1. So what's the net charge close to Ser124: Lys and Arg +1, Asp and Glu -1, counting the other residues with Cβ under 14 Å from its Cβ?
2. Counting every Cα pair in segment 68-164, what percent are over 19 Å apart?
3. To the nearest 0.05, how large is the calculated FRET efficiency for Asp94 and Asp68 if R₀ is 41 Å and r is the Cβ-Cβ distance?
4. Please give the length that would be gained between Gln81 and Asn145 if that part of the chain were fully extended, namely 0.36 nm times their separation in residues minus their C-alpha to C-alpha distance (nm, one decimal).
5. Under a cut-off of 28 Å between alpha-carbon atoms, report the lysines in cross-link reach of Lys151, not counting same-chain residues fewer than 8 places apart.
Amino acid sequence: MRIFWHCVRNLRSNLNNGLVCNAFVARSVTNTRFLGSVSSPVRTLNGLRPRRPSLVAAFSSTTQPMDDLTYERIADHTLDQLTEELEIIVETNDGLKESDVSLSSGVITLSLGLHGVYVINKQSPNKQIWLSSPISGPKRYDYINNEWIYKRDGISLQSLLSSELSF
């Protein structure tokens with residue numbers, strides 16, 4: 001059993017570029033569990049202020065395998081729902097008049113003009129949903145506990161899109 005950390009500099013928030021570290025425990029290559037996240041102390045006008053660690057519910061990659069039909073049903077429903085939500089964001093935001101959302105053959109393309117292009121697609125052989133983001137790059141999401149979760153950081157697809165698309 002090994003515990004390992006994945007740390008990244010938080011450039012997108014008002015945290016003065018603090019570090020965010022995610023802890024994982026690995027029993028084997030196929031059995032990895034997310035333990036939680038912690039952030040480095042943040043400098044404020046009043047000195048150093050430590051941030052509280054935010055723990056995400058632990059999950060294991062050894063969850064029950066999903067059959068092909070169930071995966072297709074869940075993935076299609078997710079893509080349909082995301083497309084509707086993204087269309088609402090584009091239609092209600094004046095700064096996104098040149099933007100476009102399309103869903104075709106299991107692939108969502110969200111073109112945001114100068115903000116870049118998001119591509120979200122089903123990856124049926126792996127039973128995953130893949131995201132290509134102009135902000136956070138490529139990510140592969142697994143369906144865990146009724147959510148699409150990126151195993152490297154424990155963040156859900158919905159949460160990531162909500163934070164990146166908050167204009």
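1. Around Ser124, the surrounding residues sum to -1.
2. Value for segment 68-164 (Cα pairs over 19 Å): 38 percent.
3. 0.45
4. Roughly 21.2 nm would be gained on extension.
5. Partners found: Lys122, Lys127, Lys139.
Every number in this text was worked out from the coordinates using simple rules, so none of it is lab data. Since the structure is predicted, the reported quantities are computational estimates derived from the model, not experimental observations. Cβ sites come from the backbone with ideal geometry, for glycine too, and all protein chains shown count toward neighbours.
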